[in-house]
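Any read-out appearing in this document is the output of simple, stated calculations on the displayed coordinates, not a laboratory observation. Keep in mind the model is a prediction, meaning the values are calculated, not measured. Ideal geometry is used to build each Cβ from the backbone, glycine not excepted, and the neighbour counts take in all protein chains shown.
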Amino acid sequence: MARPPVLKANVSFDLKTMPTSDTACPCGSSHTYGECCEPYHTEAAQAPTAVALMRSRYCAYVVGAIDYLVATTLPAVRRTDLWIDYQNTHKTIEWIGLEILNTWQGGEGDKTGKVEFRATYIQGDRRAVHHEHSRFRRHSGAWCYVDGVITDTATR
Ligand SMILES: [Zn+2]
């Protein structure tokens with residue numbers, strides 16, 4: 001039974017690409033959106049590990065959960081134009097796949113963690129792979145994105 005997603009009024013989902021609670025989660029896990037990233041996007045739960053946060057942030061780019069992307073960026077590194085940047089990325093890039101390659105720490109008992117991933121996307125007529133080693137840190141108990149070393153490679 002489909003239930004309407006529970007959203008904060010200021011969560012800006014793009015209805016065109018938005019999954020429902022019962023459809024496959026865009027992060028590519030074998031779970032439904034409702035059993036995977038949605039509870040994090042709606043703040044019903046907190047991502048328990050760095051890799052769960054990473055997946056939910058990828059998924060937030062797909063569905064346009066811009067407030068979530070800002071909220072899960074470490075406050076110390078939040079630029080004033082961050083919301084606009086995330087929004088622009090969401091509007092101009094079509095994310096088509098996520099592959100987690102490696103994780104270091106980032107577990108339930110850790111304070112820091114790293115995740116290496118490859119995300120495939122289409123921007124205009126260009127298909128490319130975003131390969132990143134991301135750093136995560138807990139802030140007030142919640143996992144936050146700190147920064148990453150990024151390599152973008154056009155694949156056609
Ligand atoms: Zn997910």
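Can you give the local net charge around His131? Use residues other than it whose beta-carbon is closer than 9 angstrom to its beta-carbon, Lys and Arg +1, Asp and Glu -1. Intermediate values should be presented prior to the final figure.
Working: positive: Arg118; negative: Glu116, Glu132, Asp152.
Charge balance near His131 sits at -2.
Among the trypsin sites (Lys or Arg not before Pro) within the stretch 36-141, which fall in a DSSP loop and have no more than 14 other Cβ atoms within 10 Å of their own Cβ? Walk me through the numbers before you get to the answer.
Numbers: sites: Arg55, Arg57, Arg78, Arg79, Lys91, Lys111, Lys114, Arg118, Arg126, Arg127, Arg135, Arg137, Arg138; in loops: Arg78, Arg79, Lys111.
In loop regions of the stretch 36-141 (DSSP not H, G, I, E or B), the sparsely surrounded trypsin sites (Lys or Arg not before Pro) are Arg78, Arg79, Lys111.
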Point to revise | the chain shape via C-alpha gyration tensor axes, a/c threshold 1.5 | key: rounded
Exercise for review: Report ³J(HN,Hα) in whole Hz for each residue of the stretch 47-64, in order, from the Karplus equation J = 6.51 cos²θ - 1.76 cosθ + 1.60 where θ = phi - 60°; Gly and Pro get x.
Suggested key: 4, x, 9, 4, 5, 5, 5, 4, 4, 5, 6, 4, 4, 5, 4, 5, 8, x
